[in-house]
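*Asks:* The structure that follows is given in the form of structure tokens.
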Amino acid sequence: MRLALDGSWLKFSPNRCSHYCNSIVSLIIAVGSGIGDETPGKQGMERGMQGRIEAPVGRRTLVQSDKTQAQPAHKAIRVAADGSAVIEGRKCVDCGAVVADATMACRACGSRTPLEAVRAGPGGKVFSWSVIHRSYPGIPVPFVSAIVDLDGGLTLKGTLRGIAPEAVHPDLAVEAVIDDAGGILDKEGRPYVGFHFVPKGVGQ
């Protein structure tokens, strides 16, 4: 997909495009600066602004039982029976495109060859971001909502913490961190597993 703005062309991958098209408000892009603006949805990862339990991707563990099995708050999160959680994408074996969920056909090339699971992150770079000044009740503002190209080819949107909004810039090196999605529970009392981003080397 290509989007024309003021005579300039920006090329988006199918994965990036889905993040923009699903925004509640129109995405505003400053051509040449890579700066975007979008309003986040009600994903668990956006509600995790005050998550109480955080650990690097691949090292997250929750106390599990039949009644407390953690649930992924995002389709790219995989939670094992032992409570460990990782971020995975689905890769087209024909063209190499990586998306967050398995589809009947590759969104990039149309191939119907089954997609294969690939580990994503934890490292990545900021592609675009927005500074959110108004959000849902109970969510502290302002905060940064960023679209990040993770190592491994997967692109995800999530909250970027640990940095002042004015310090964010294109290609900022970040890491994905698994969290407890703000401590929210489903109707059966089971916890959710979400994620957020932090600048590389900053910690959790």
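*Asks:* Please work out how much length the chain gains when fully extended from E166 to V141, using 0.36 nm per residue of separation minus the C-alpha to C-alpha distance, in nm with one decimal. Each step should come with its number before you reach the end.
*Replies:* Numbers: separation 25, 0.36 × 25 = 9.00 nm, distance 1.43 nm.
So the extension gain works out to 7.6 nm.
*Asks:* What is the percent of Cα-Cα separations in segment 70-185 that go past 23 Å?
*Replies:* Values: 2591 of 6670 pairs.
Above the 23 Å cut-off, segment 70-185 has 39 percent of its Cα pairs.
*Asks:* To continue, here is another question. Please list, in order, the residues from segment 113-134 whose amide nitrogen is less than 15 Å from a point placed 7 Å along the Cα→Cβ vector of A102.
*Replies:* 113-119
*Asks:* Further question on the same structure: What is segment 118-157 by shape, rounded, prolate or oblate, if you read a ≥ b ≥ c off the alpha carbon gyration tensor as root eigenvalues and call it rounded for a/c under 1.5, prolate for a/b larger than b/c, and oblate otherwise?
*Replies:* Numbers: a/c = 3.83, a/b = 2.48, b/c = 1.54.
Cα axes put segment 118-157 in the prolate bin.
*Asks:* Return one quarter of the surface area of the convex hull spanned by the alpha-carbon atoms of segment 142-181, equal to its mean projected area, in nm².
*Replies:* Working: hull surface 13.2 nm².
For the Cα atoms of segment 142-181, the hull's average projected area reads 3.3 nm².
A short reminder: the numbers here are calculations on the coordinates, not readings from a lab. Source: prediction; values computed, not measured. Every residue, glycine as well, gets a Cβ built from its backbone with ideal geometry; the counts of neighbours run over all protein chains shown.
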